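Okay, so here's the structure we're looking at.
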Amino acid sequence: MPIDILLLTIARALVEVAGGLLLGQGVLWLFGPKARDGNFVYDLLKLGTRPLTKLTRRITPRFVHDSHIGLVTFLILVWLWLVLAFAKRHLCVIQGVQCT
């Protein structure tokens, strides 16, 4: 496999892991504050997504409420995942490689 396709595959996998962490955090968030406070799993998921949410807070305007940053982060990851998928497909077609 060519190195550029491999790097796109790795980047896409990292985006999938980050999206899974955010989804897990969102599911636990739905259970309410009593389920989140002091929950080891929720704290672990929050620790894994903290760099992404901080980056999202920096790039979003101030009128975006802090409670929406998780959703905005997830939507950015979805768009990034789609862009990486299209880029990988494009490179596979150009190089004549069958990608899965």
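Conditions (1) within 10 Å of the chain's Cα centre (by Cα); (2) not aliphatic (A, V, I, L, M), marked per residue:
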| site | (1), (2) |
| --- | --- |
| Val15 | yes, no |
| Leu23 | yes, no |
| Trp29 | no, yes |
| Pro33 | no, yes |
| Gly38 | no, yes |
| Leu55 | no, no |
| Phe63 | no, yes |
| His90 | no, yes |
| Cys99 | no, yes |
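Which residue, of Leu80, Leu84, Leu47, is under 15 Å from Gly20 (Cα atoms) and touching a helix residue (DSSP H, G or I) at 6+ places or on another chain (Cβ under 6 Å)?
Exactly one of Leu80, Leu84, Leu47 is under 15 Å from Gly20 (Cα atoms) and touching a helix residue (DSSP H, G or I) at 6+ places or on another chain (Cβ under 6 Å), namely Leu80.
Throughout, read-outs are computed from the coordinates displayed, never taken from laboratory work. The shown structure was predicted, so the numbers you read here are calculated from the model rather than taken from an experiment. All Cβ positions, glycine included, derive from the backbone under ideal geometry; neighbour counts span all protein chains shown.
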